[in-house]
Structure formats: structure tokens, C-alpha cells
Amino acid sequence: MRHEKLIAVIGATGQQGGAVVRALQAGGQFKVRALSRNPGKHRGLADEFVEADLNRPDTLKAAFEGAHGVFLVTNFWEQGTDEHKQATAAVRSAKDAGVKHFIWSTLPDAEAISGGKFHLPHFTGKAKIDRTVKEAGFVYHTFVIAPFYYQNLVGVLAPQKQTDGSLGWALPLDPTVRGLHMGDITELGNIVAGAFAHPDKAGNGEYLPLVGDFMSFNEIVETLNRQGHNLSYKQVPKENFAGFPGASEIAEMFSYFQAHTYLGSDSSDRIALAHKIAGRPPTKFSTWARLNVPVQDGGNS
């Protein structure tokens, strides 16, 4: 018979929640209840699969019933999402259900860090929820910080065909400035699982960022080109970076990274603690890229 404590994971089919489910399953210390709006689609991912919808707080009571811990992530980019409302409902329901350890996936408060200079709702909106989590009075609470995903470089920010015929990036970011705290998002689960397993070390409001590498865009391009790619980089003015949904927010984000770095301050102690809690150092970009960014014939990736 399994008598492990139960962890409920919100967003279990997404990148972050999925990583948490896999890490908890691999660790074998906890029973895992995966929460999703469409549980029928994904049965077998976890010990239990239960319907939960952050926009329908009435679904959360049953979702958290009997859970020792909850992992929460919200999706800013989903149309019509009110992250504050969703997170507040989740915190309240978890507290009512008697949850002991609440882990929230947050981001740095870009507006506070920059003294109001940068308006970055997808960062600051999450940061403002930290206080709600702190004040709820859980026995344990932990904040994890997702990095700039390595996966972005083969996804939303994959290299594009440039006007000079090369393949590469044209971004409103000084490529010489080291400002990107990066990581393989699938490894966030190791930090979350470690925090649930060691609440004495990570359950007192600690901030645990996943950082596999800290790089400039030049270093990213050089790393890939050393591996056989032939990629270019061109810095463009902020106002020229447009033409797709979310472009202005991404341009603002790069300006913030350039001025303050992704995490916004020296976070070496937090990063070191996150490595320790995860039980292993995260993967470096060069290692990840070798496995995940295939070189096309002729060196044009």
C-alpha cells in the first residue's frame, strides 16, 4: 500500500506542471494528483487525474481535498486570463482544504526592480501574487522562478530568415550584455519535488530560481555556431520589433533584461540553494543545444 503524502499539481499538461508531475513521479516519495481542465485526455500521467479549472473556483475544493501540497502555475498568455483572480482562488481553496505546503511559480517584480521604468505585466503580475501566498498562513510555502526557457530558442524565438538571406535573430537587445538567466524548463520539476521533500530547507518563503546558464545573446549565437550552425544576430530598434501579438511586451522585456538582467539582481545564493534542493545542477545551454537544436545539412540550422 502507498501511504505517501499527496501533491496536487495545477497545469499538469503544460510545460511547468508537466515537469513537476514527472519529477514527483520519478522521486517516488509522493502520490501525485494531476489537475487539468480536460482530465479525460491525459489519464495515466499520474496516480490520480482530476478536473480543475482556475476560472471555476468551485472545481478547486475537490481538487485539493486531502492534498499535503499544491503546485500552482498560471498562464498569462492565455486569452482572458486574470492571474491574480485565479491565484487568489487557488490559494484560498488550498488553505480551506488544509494544504500544508504551497509552491507558487512566480517571476521577478520588474516594475519594482526598475523603479517603475519597465511595464512588464507578465512578470509583475506574478510577483504581486507572492504576498497573497505569504499571507495565507500555510505551514510551508515556497517560490520557484522559471527562467528564460532554452526551449524559446526553438519555439517562439526560433531563428528566422533575415533580409540578408541568413538565418538568425533580429531583436531589440544589445547582444553583448549578459542578461539572460536561462534554463531547460523540464528541469523545474526537480526543484519543486526537492522543495516538497525538504520543507525545512525550502518551505519558509525561499525563492528558488532555475538557472542552467547566464548568457548574452552573442554567447548563445557563438555556442550554436561552434556546434555547426551558421546563425546571425542583428540588434534592431525597439520600435521596429512589431507585427505579431505580444511583440511590444517582448521588446519591453528585452529592454528590462538589458538594464537589470532576467532575475533583476545578484541571485547567486538563491541559485545555489535551488541547485542544492534539486539535488543536481541544471543542464548548461551548450549541452542542451547539442541534443535539442539539430544542425541542418550545410550548416544552416
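The values are calculated or read from the model by the stated rules, or taken from the named source; none is laboratory data. Every value quoted in this text rests on a predicted model; they were computed, and no experiment measured them. We place every Cβ from the backbone using ideal geometry, glycine too, and count neighbours over all the protein chains shown.
Given the options THR74, THR88, name the one that is modelled with pLDDT under 95 and surrounded by 15 or more Cβ atoms within 10 Å (Cβ to Cβ). Quick ask: steps written out before the conclusion?
On the way: THR88 fails: modelled with pLDDT under 95.
Sole residue among the options that is modelled with pLDDT under 95 and surrounded by 15 or more Cβ atoms within 10 Å (Cβ to Cβ): THR74.
Is the range 259-271 home to any residue that is in a helix (DSSP H, G or I), touching a Phe, Trp or Tyr at 6+ places or on another chain (Cβ under 7 Å) and acidic (Asp, Glu)?
In the first step, residues of the range 259-271 are kept if they are in a helix (DSSP H, G or I); the result is 259-260, 268-271.
Of the ones still in play, those that are also touching a Phe, Trp or Tyr at 6+ places or on another chain (Cβ under 7 Å) are 270.
Narrowing the set further to residues that are acidic (Asp, Glu) leaves none.
Within the range 259-271, none of the residues are in a helix (DSSP H, G or I), touching a Phe, Trp or Tyr at 6+ places or on another chain (Cβ under 7 Å) and acidic (Asp, Glu).
One line per residue, one yes/no per condition, for (1) surrounded by fewer than 17 Cβ atoms within 10 Å (Cβ to Cβ); (2) in contact with a Lys or Arg (Cβ under 8 Å, 6 or more places away or on another chain):
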residue: ALA46; (1), (2): no, yes
residue: GLY66; (1), (2): yes, no
residue: GLY80; (1), (2): yes, no
residue: ALA94; (1), (2): no, no
residue: GLY98; (1), (2): yes, no
residue: PRO108; (1), (2): no, no
residue: GLY115; (1), (2): yes, no
residue: THR124; (1), (2): no, no
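Need a quick list: strands (runs of 3 or more DSSP E) entirely within the range 165-248 having at least 2 residues that are within 28 Å of GLN296 (Cβ to Cβ). Show your work before the answer.
Details: elements: 167-171, 180-183, 204-209, 213-215, 231-235.
So the answer is 167-171, 180-183, 213-215, 231-235.
From the list GLY243, GLY203, exactly one residue is over 18 Å from the mean Cα position of the chain (by Cα) and surrounded by fewer than 18 Cβ atoms within 10 Å (Cβ to Cβ). Which is it? Walk me through how you get there before you give the answer.
Values: GLY203 fails: surrounded by fewer than 18 Cβ atoms within 10 Å (Cβ to Cβ).
So the residue among GLY243, GLY203 that is over 18 Å from the mean Cα position of the chain (by Cα) and surrounded by fewer than 18 Cβ atoms within 10 Å (Cβ to Cβ) is GLY243.
Kindly list the number of the only condition in (1) more than 30 Å from SER232 (Cβ to Cβ); (2) of a type in the set (Val, Ile, Thr); (3) without any contact (Cβ under 8 Å) to a residue 60 or more places away in the chain that fails for VAL156.
The one condition VAL156 does not meet is (1).
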